[in-house]
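Okay, so here's the structure we're looking at.
The numbers here are math on the coordinates, done by the rules we state, and not lab data. Keep in mind the model is a prediction, meaning the values are calculated, not measured. Using ideal geometry, Cβ is built from the backbone for each residue, glycine included, and neighbour counts are taken over all protein chains shown.
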Amino acid sequence: MGVKVGVLALQGDVAEHIAAFREALADRSGSSVAAVRRAEDLAGLDALAIPGGESTTISRLIGKNGLYEPLSEFEGGVFATCAGMVLISDRVDDPRVRPLSRIPMHVARNAFGRQVDSREAMLEVAGLAEPFRAIFIRAPVATDVGPGVEVLARIPEGIVAVRSGRHMAFAFHPELGGDLRLHRMFLEGLGV
Ligand code: GLN
């Protein structure tokens, strides 16, 4: 059966998420990947990606577009990267972000300090046989996670990959770099 994925398209690296999920679903007929801008676009989706970008801006646009309640209540799995990880949390160190509270965790924005804009690391991720080349761009980290949240990867700065039910969140960008193992892990977890 096909999988219907939406990508929240308010700001950020939307096109890269659409391309990565299209590639990950290329061999599953009946699948679709589409941009989500309005509450109606969420209907019938199995999953939603919340992209990297600027979490303060995306949060403001979520409010402006009337998407806060629909996103808080969305029943599919959420695949959140970087700014998305900030938004899907329930506690953020920046009052300008109103988190969607889908994963109980505290997230610190820009946790690598101002000097370090981006960095790559070969990361051990629980469930992957080989390390993942993780691309961090002005990345957040989770500093603690609530009950039921599985930590999939951590680095000295903090927790950088988690799973909670059908949701997954990453401080780095699995949609960049061409390695789709984390997309596949997420899609398998949807049980569609
Ligand atoms: N620093 C950004 C934020 O906190 C996230 C950066 C990114 O998504 N690449 O919103």
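Here are some notes:
- Between the range 78-94 and the range 98-112, the alpha-carbon center distance in angstrom: 4
- Computed about the Cα centre, the dipole magnitude for the range 95-158 is approximately 440 debye when only Lys and Arg (+1) and Asp and Glu (-1) carry charge, each at its Cβ.
- Student exercise, the range 1-109 dipole from Lys, Arg, Asp, Glu Cβ charges, in Debye to nearest 20: 240
- Residue separation of Arg60 and Leu190 scaled by 0.36 nm, minus their Cα-Cα distance, works out to 43.9 nm of gained length.
- Residues whose amide H lies under 5 Å from that of Leu123, counting only those 5 or more places away or on a different chain, are Phe132, Arg133, Ala134; hydrogens are built 1.01 Å from N in the peptide plane.
- In plain terms, the chain from Arg181 to Glu73 could stretch by 36.2 nm, reckoned as 0.36 nm per residue minus the Cα-Cα distance.
- Converting phi to 3J(HN,Hα) with the Karplus coefficients 6.51, -1.76 and 1.60 and the offset θ = phi - 60°, the range 65-74 yields 8, x, 9, 4, 5, x, 6, 5, 9, 4 Hz in sequence order, with x at every glycine or proline.
- Separation of the range 122-140 and the range 1-64, taken as the distance between their Cα centroids, equals 22 angstrom.
- Comparing Pro140, Pro51, Pro104 in a Gaussian network model of the chain (Cα springs below 10 Å), the most mobile by mean-square fluctuation is Pro104.
- Computed magnitude of the charge dipole of the range 150-192 (debye, nearest 20; Cβ of K, R +1, Cβ of D, E -1): 120
- Under a 5 Å amide H cut-off, with hydrogens placed 1.01 Å from N, Val33 pairs with Val5 among residues at least 5 apart or on other chains.
- Within the chain, DSSP assigns beta bridges of which about 55% are antiparallel (rounded to the nearest 5).
- Positive-end ranking of Ser55, Val78, Gly113 along the dipole of the range 17-115, with charges on Cβ about the Cα centre, is headed by Gly113.
- Karplus 3J(HN,Hα) series, Hz, for the range 127-135 with 6.51 cos²θ - 1.76 cosθ + 1.60 (x for Gly, Pro): x, 9, 6, 10, x, 10, 7, 9, 9
- Summarising the amide proton neighbourhood of His167: residues at separation of 5 or more, or on other chains, whose placed amide H is nearer than 5 Å comprise Val78.
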